[in-house]
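Take a look at the structure below.
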Amino acid sequence: MDFTATLLFFALFISSIQAVDPCGSRPQNKDLSVIPIYGKCSPFKPPKPESWVDTVINMASKDPARLKYLSSLVAQKTTAVPIASGQQVLSIGNYVVKVKLGTPGQVIFMVLDTSNNVAWVPCSGCTGCSATTFLPSASSSYGSLDCSLPQCNQVHGLSCPATGAAACFFNQSYGGDSSFSANLAQDSLTLTNDVIPNFAFGCINSISGNSIPPQGLLGMGRGPMSLLSQSGSLYKSNIRTTPLLKSPHRPSLYYVNLTGVSVGRVRVPIPPECLAFNPNTGAGTIIDSGTVVTRFVQPLYEAIRNELVKHVKGPFSTIGLFDTCFEAKAEVELPSLTLHFEGLSMKLPMENTFLHTSAGSHACLAIAPTPNNVNAAMNVIANLQQQNHRILFDVANSRLGIAREACN
């Protein structure tokens with residue numbers, strides 16, 4: 001079956017304008033509300049009290065593993081999904097969405113991942129899962145999917161028996177030392193005010209290893225099993241868009257054509273090879289929900305940094321992964337950062353460009369170079385820079401929209 005979809009969602013904080021309950025759904029709202037993992041509307045709590053900067057630094061410390069995973073993605077091959085150890089959620093779990101699965105609906109907070117094509121949730125009776133699981137027996141619309149169905153091939157399900165029919169079982173490895181087994185099922189999925197009947201997902205029945213997944217994962221990639229492809233054309237918008245590019249070796253990723261970067265009014269000089277899209281090698285620029293801090297290849301990052309230091313007086317220091325930190329004086333006007341894509345430009349707000357320490361005495365440029373252990377030619381536009389923007393993933397028309405919007 002040929003699935004096409006258009007899905008609109010906030011890349012970061014949910015909007016609470018005209019809402020009585022900022023954590024509730026608004027009538028007639030077609031947006032998919034995205035909740036920060038440690039936000040007031042999330043059931044997850046940070047391991048310990050810390051400042052906003054420390055939270056970002058700690059969450060971004062998992063970025064290298066995430067970027068290594070993204071650069072290793074190859075079509076039709078099983079790869080290791082980075083999961084945090086112990087009782088932590090997925091290292092890609094910076095943002096979650098609140099959904100209802102089943103009839104009647106059971107509330108589940110699912111991690112949002114734009115690089116994954118499949119949704120999965122821990123189900124009752126699961127060995128090694130957390131206490132919170134989905135109860136298939138309590139849903140009148142739940143059903144298992146047969147291994148002979150085409151959806152089973154999409155999750156690389158185990159082979160069917162020579163005679164007779166059987167449920168579609170599949171395995172997924174993650175974290176290097178862990179894996180889970182699941183059966184492919186379908187049930188009614190409610191997103192905000194929209195219902196997707198017969199939504200296909202993995203119902204996890206066992207976990208092995210040292211890593212524990214969260215309540216669930218909602219795959220938002222470009223494959224036929226992702227939420228985008230199963231939802232149908234639910235959302236429409238007239239915001240400006242840029243074409244989506246596609247790599248046959250990494251078909252789940254959202255590649256865009258980044259044509260340049262400006263610091264203030266200066267378009268920084270960038271070697272063409274730092275921006276060029278190559279579908280065979282994976283070089284180019286992607287937009288990703290699971291990476292915290294935007295990463296640019298070294299020559300591009302250095303060009304941006306070199307222009308920035310012309311506008312800001314040093315000395316410069318390093319805080320965590322940020323190597324361009326300076327004394328934040330009220331009288332100094334910081335330059336804006338603008339990302340230029342084919343067909344649109346994304347001028348980042350100051351809070352998306354610079355991070356201020358809790359005392360307010362220092363500010364840091366909130367981007368970083370690509371780590372040495374990953375594809376040195378891939379730029380990643382991360383979720384910190386998507387904050388306070390409306391993001392449109394239009395898979396049907398191969399385009400991505402970006403519009404500034406103040407969120408809560």
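The values are calculated or read from the model by the stated rules, or taken from the named source; none is laboratory data. Values in this document were obtained by computation on a predicted structure and should not be read as measured data. Positions of Cβ are generated from backbone atoms using ideal geometry, with glycine treated the same way; all protein chains shown enter the neighbour counts. Side chains included, ligands, DNA and RNA excluded: accessible areas come from the protein's heavy atoms. Shrake-Rupley method; radii C 1.70, N 1.55, O 1.52, S 1.80 Å.
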- prompt: Which residue pairs have Cβ atoms under 6 Å apart, sit 6 or more places apart or on different chains, and have a first residue in region 249-274 that is at negative phi and a second that is polar (S, T, N, Q) and open to solvent by 10 Å² or more (accessible area, probe 1.4 Å)?
  reply: Ser252/Asn117; Ser262/Thr338
task: Restricting attention to region 56-85, report how many residues are crowded, with 17+ Cβ neighbours inside 10 Å, at pLDDT 70 or above and either hydroxyl-bearing (Ser, Thr, Tyr) or not in a helix (DSSP H, G or I) (or both).
output: 3
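In region 259-272, is there at least one residue being among the basic types (Lys, Arg) and at pLDDT 95 or above? Give the derivation first.
Kept after step one, since they are among the basic types (Lys, Arg), are these residues of region 259-272: 265, 267.
With at pLDDT 95 or above added as a condition, the list becomes 267.
Yes.
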Residue, modelled with the lowest pLDDT, within region 371-404, restricted to residues that are under 18 Å from Lys62 (Cβ atoms) and assigned to a strand (DSSP E or B): Met378
statement: Residues in region 261-276 that are within 18 Å of Asn352 (Cα to Cα) and surrounded by 15 or more Cβ atoms within 10 Å (Cβ to Cβ) total 4
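A quick yes/no check of all residues on (1) under 26 Å from the mean Cα position of the chain (by Cα); (2) surrounded by fewer than 21 Cβ atoms within 10 Å (Cβ to Cβ):
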{"position": "Leu112", "(1), (2)": "yes, no"}
{"position": "Ala119", "(1), (2)": "yes, no"}
{"position": "Pro122", "(1), (2)": "yes, no"}
{"position": "Ser141", "(1), (2)": "no, yes"}
{"position": "Cys147", "(1), (2)": "no, no"}
task: Please give the number of the condition Gln186 fails out of (1) at pLDDT 85 or above; (2) open to solvent by less than 10 Å² (accessible area, probe 1.4 Å).
output: (2)
message: Conditions first: (1) within 27 Å of the chain's Cα centre (by Cα); (2) surrounded by fewer than 20 Cβ atoms within 10 Å (Cβ to Cβ). Phe341 passes all but one, so which condition is the exception?
response: (2)
field: Leu234 modelled with pLDDT of 85 or more and over 22 Å from Arg404 (Cβ atoms)
entry: no
